[in-house]
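K.L.:
Okay, here's the structure, questions in a sec.
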Amino acid sequence: MLAPTRRAASETFIRANLEALPFQVTACFGDEYPLGRPLALAYGLAIVLSKLLTRLHLLRLAGMPAALVTWLLIRWKRPEAVLVDFGFEAVRVMEACAWTGVPLVVHFRGSDASARGRLGLLRGRYRRLLAIAAGVVVKSRPMAETLLALGARPERLLISPSGANARLFHGSHPAAMPPVLLAVGRFVAKKGPLHTIRAFALVCEALGAAMPTLALWMVGEGPLLSEARALVRSLDLEGRVQFLGVRGQDDVAQLMRQVRGFVQHSLVAPDGDSEGNPVAVMEAQLSGLPVVATRHAGIPEVVLDGESGLLVEEGDEQAMAKAITRLVVDPALAARLGDCGRRRIQEGFTIDHHLRQLSDLLLQVMTEVEP
């Protein structure tokens, strides 16, 4: 298993794969340099060199350092399959699988199949990757369509959202909670944190005087955090919007049991970056929270508009404000939507569903290798 990192707070799915896939797994990460594991150290250093060569647009050469180290890893460990998270990581190692005949499964996540800085730059390399790959995993139907257009084989393409952890996310009772909304995600353009704040400001303008406890809690950090803080000050919302920083999954699960609903205004970023299928949206629904979100990427595949949540068009802050208002003034609606969302995620979008689907694909490509 090869991936850029397992340390980032947002990479819960990589840690889940490492811990729960039913295989003996050897893992290397592009940001780790363990002195006691020479080939893992070499892999991390090779990724640094590959990144440098990619910035210089020497794309074919950029694939050689990590591919050579991966070839050595394959020769030493003799794996039955190689699983790589993110398309941009896979192009760095794909030739090792071509040289050795070991099946390659690549897991696309979002920006690697949408952002122009990656998809545009790597389009030609992705065509080569998809010709080599024995299996491809994506998060949503729009991602699948993008990769099918680049040559992915339909019979080897799995659409599998990463899923929510039922052991953590449960027990929300939105109707019994105060009118507090929760947003969880990095402060980056595709998550739409500024749109969420402006929509919330419209709700406060309409209802604030009658609802002194109306509030928005925002979990996360990122490049737009300082702009978000400035926007809250300019809208005179400092008493209603709280920035809670980065929180672990346990803390997020607890927060979800203290609020009326979950909000996220995902949209296509100026650089083309899009969501795959936001895990926090699934976690909120599994907890039993109603979701207000956008018709973006894979969100409509997991949030049923009017049944488990309320969906609006990207960029429509007025519509988002109206949807939030419905949850704030109607606790019974919040409870009804939350109950439906809980059942929907339990039936098909938990992390256990994802792990079974991914395991089945890996077993399929392993057993089809000729001896």
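K.L.:
Report, by residue number, each residue of the stretch 268-286 that is open to solvent by less than 10 Å² (accessible area, probe 1.4 Å) and among the β-branched types (V, I, T).
P.N.:
Within the stretch 268-286, just V281 meets the criteria.
K.L.:
Would you be able to tell me the number of residues in the stretch 6-56 that are among the acidic types (D, E), surrounded by 15 or more Cβ atoms within 10 Å (Cβ to Cβ) and at pLDDT 90 or above?
P.N.:
Looking only at that region, the number is 1.
K.L.:
For the stretch 298-348, which positions are part of a loop (DSSP other than H, G, I, E, B) and not small (G, A, S)?
P.N.:
V303, L304, E307, E313, E314, D316, D330, listed by residue number.
K.L.:
Here is a check on your reading of the model: is Q346 polar (S, T, N, Q), at pLDDT 95 or above, surrounded by 15 or more Cβ atoms within 10 Å (Cβ to Cβ) and more than 27 Å from P103 (Cβ to Cβ)?
P.N.:
Taking the combined requirement at face value, the residue satisfies it.
K.L.:
Something else now. Search the stretch 195-220 for residues that are touching a residue at least 24 places away in the same chain (Cβ under 8 Å) and outside any strand (DSSP E or B) and pair each with any residue that is among the β-branched types (V, I, T) and surrounded by 20 or more Cβ atoms within 10 Å (Cβ to Cβ) when their beta-carbon atoms are under 6 Å apart and the residues are at least 6 apart or on different chains.
P.N.:
The qualifying pairs are T196/V263; V203/I324.
K.L.:
Checking L289 against (1) surrounded by fewer than 24 Cβ atoms within 10 Å (Cβ to Cβ); (2) in contact (Cβ under 8 Å) with a residue 60 or more places away in the chain, only one condition comes out false. Which one?
P.N.:
Of the numbered conditions (1) surrounded by fewer than 24 Cβ atoms within 10 Å (Cβ to Cβ); (2) in contact (Cβ under 8 Å) with a residue 60 or more places away in the chain, the odd one out for L289 is (1).
K.L.:
Does the stretch 163-176 contain any residue that is touching a strand residue (DSSP E or B) at 6+ places or on another chain (Cβ under 7 Å) and assigned to a helix (DSSP H, G or I)?
P.N.:
First pass over the stretch 163-176, keeping only residues touching a strand residue (DSSP E or B) at 6+ places or on another chain (Cβ under 7 Å): 163-164, 166, 174.
Narrowing the set further to residues that are assigned to a helix (DSSP H, G or I) leaves 174.
Scanning the stretch 163-176, I find at least one residue that is touching a strand residue (DSSP E or B) at 6+ places or on another chain (Cβ under 7 Å) and assigned to a helix (DSSP H, G or I), so the answer is yes.
K.L.:
Given the condition within 22 Å of R109 (Cα to Cα), surrounded by fewer than 18 Cβ atoms within 10 Å (Cβ to Cβ), touching a helix residue (DSSP H, G or I) at 6+ places or on another chain (Cβ under 9 Å) and not hydroxyl-bearing (S, T, Y), answer yes or no: does some residue in the stretch 250-260 qualify?
P.N.:
no
K.L.:
Give L39, L2, L52 a once-over and let me know the one that is among the aliphatic types (A, V, I, L, M), touching a residue at least 24 places away in the same chain (Cβ under 8 Å) and within 20 Å of D112 (Cα to Cα). Break it down stepwise before answering.
P.N.:
Values: L39 fails: within 20 Å of D112 (Cα to Cα); L52 fails: touching a residue at least 24 places away in the same chain (Cβ under 8 Å).
None of the others qualify; the one that does is L2.
K.L.:
Enumerate the pairs (first residue in the stretch 156-167 and within 16 Å of P142 (Cα to Cα); second residue anywhere and surrounded by fewer than 19 Cβ atoms within 10 Å (Cβ to Cβ)) with beta-carbon separation below 7 Å, excluding pairs fewer than 6 apart on the same chain, so at least 6 apart or on different chains.
P.N.:
L157/L148; L158/Q357; I159/R141; S160/Q357
The values are calculated or read from the model by the stated rules, or taken from the named source; none is laboratory data. Bear in mind the structure is a predicted one, so any value in this text is a computation, not a measurement. Heads up, the Cβs are rebuilt from the backbone with ideal geometry, glycines too, and the neighbour counts pull from every protein chain shown. Quick note on the areas: whole protein, heavy atoms, side chains included, nothing else; ligands and nucleic acids left out. Shrake-Rupley method; radii C 1.70, N 1.55, O 1.52, S 1.80 Å.
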